[in-house]
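The values are calculated or read from the model by the stated rules, or taken from the named source; none is laboratory data. This one's a predicted model, so the numbers in the text were calculated from it and none came from an experiment. Every residue, glycine as well, gets a Cβ built from its backbone with ideal geometry; the counts of neighbours run over all protein chains shown. Note: areas computed on protein heavy atoms with side chains; ligands, DNA, RNA excluded. Shrake-Rupley method; radii C 1.70, N 1.55, O 1.52, S 1.80 Å.
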Amino acid sequence: MTRPGGRPIDLSEVKTYSIRQRQSKFDPSQMARVPDAFGTLDHFFACLPRTFKARDLLDLAEHIVVGAANNKRVLWMMGAHLIKCGLSPLVIKLMEQGIINCVAMNGASSIHDFELACFGHTSEDVEQGLENGSFGMARETGEWMNDLITDGVKRGFGIGHTLGRGILDRRVPYEEYSILAAAVRLRMPVTVHVSIGCDIIHQHPTTDGAALGKGSLRDFQILAGQLPDLDSGGVVINFGSAVVMPEVFLKALNVARNVGNPTRNFVAANFDMIQQYRPNVNVLARPTKNGGKAYSFTGHHELMLPLLFGAIQRLLR
């Protein structure tokens, strides 16, 4: 008769071996050290454990610095939340240091950048404004940005350069916080990629859909023209764009390869508060499948970007 619950295995037959023969993934050389509260930035990063994401962050920082030093493209792609977290000065500093040498952003990023530079504040209460239809209807934002875009596109420029140039020409009071203006000042490629109907300035009567489309297409072509310089040592970082920039990057990379540029063996990194499909597939997995490295980091922008910035600064000695 079979016993209820089945027959237990006889553990006396199990084969064991000495731990001295086993390969292990962790040893004391990877251990964190207790940092001195008054120590240097270099000391802090030297105390991080050499494991998992801490190790990845330090490795990525090294890839970025080496790539920039070798005149490879270090492309910074971004969503709008980074600006609303007050992180623009860190991005601008990396641009001024020659670490970031190309910037691409979605439409919302350009609006927050523009408002912050021109008026010293940005980011409204969406729910409150939506109740009476006033959300996104700030007159100056719509008129100024739409007029600049329409005029700049007529003169053959993309949206990124047009807005950055406009901020510089207007001599606005908070220009120092503008990533767009910094890119133009530094003669760096800067592109804005618009999804028509997604941004508040598209609600305004001054909106020229043809100009938005033509300007954004121009910026797509400019971005695609920068990607061959990623080949063999460049770095692309997507910071906080869940949909637009991953989709744009994949198509721009495809165009670059289509016209005869290998554009392989580069490093790709994604930073966001949650990991999502498009960044992980279109920025990390597919582009590096046949050569390159991919890193993903999960955390709040206001913590993760200062950590990346610090890890880079310690190498610039």
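Details
- Qualifying residue in the range 297-313 (condition: more than 23 Å from Val91 (Cα to Cα) and surrounded by fewer than 18 Cβ atoms within 10 Å (Cβ to Cβ)): no
- Qualifying positions in the range 216-274 - of a type in the set (Val, Ile, Thr) and within 12 Å of Asn106 (Cβ to Cβ): Val243, Val244, Val248
- Taking (1) surrounded by 20 or more Cβ atoms within 10 Å (Cβ to Cβ); (2) in contact (Cβ under 8 Å) with a residue 60 or more places away in the chain; (3) within 21 Å of the chain's Cα centre (by Cα) in turn, Gly215 satisfies each apart from (3).
- Residue match in the range 148-159 (condition: among the aliphatic types (A, V, I, L, M) and touching a Lys or Arg at 6+ places or on another chain (Cβ under 7 Å)): yes
- Complete set of residues in the range 245-281 that are open to solvent by 10 Å² or more (accessible area, probe 1.4 Å), touching a Ser or Thr at 6+ places or on another chain (Cβ under 6 Å) and part of a helix (DSSP H, G or I): Arg257
- Test: Ala311 is under 15 Å from Val66 (Cβ atoms), modelled with pLDDT of 95 or more, part of a helix (DSSP H, G or I) and small (Gly, Ala, Ser): yes
- For the range 72-92, a tally of residues being surrounded by fewer than 20 Cβ atoms within 10 Å (Cβ to Cβ) and either free of Cβ contacts under 8 Å to residues at least 60 places away in the same chain or in contact with a His (Cβ under 6 Å, 6 or more places away or on another chain) (or both) returns 2.
- Flag for Pro287 being surrounded by fewer than 16 Cβ atoms within 10 Å (Cβ to Cβ), outside any helix (DSSP H, G or I) and touching a residue at least 24 places away in the same chain (Cβ under 8 Å): no
- Residues satisfying the stated conditions in the range 1-56, i.e. open to solvent by less than 60 Å² (accessible area, probe 1.4 Å), assigned to a helix (DSSP H, G or I) and more than 20 Å from Met304 (Cα to Cα): Gln30
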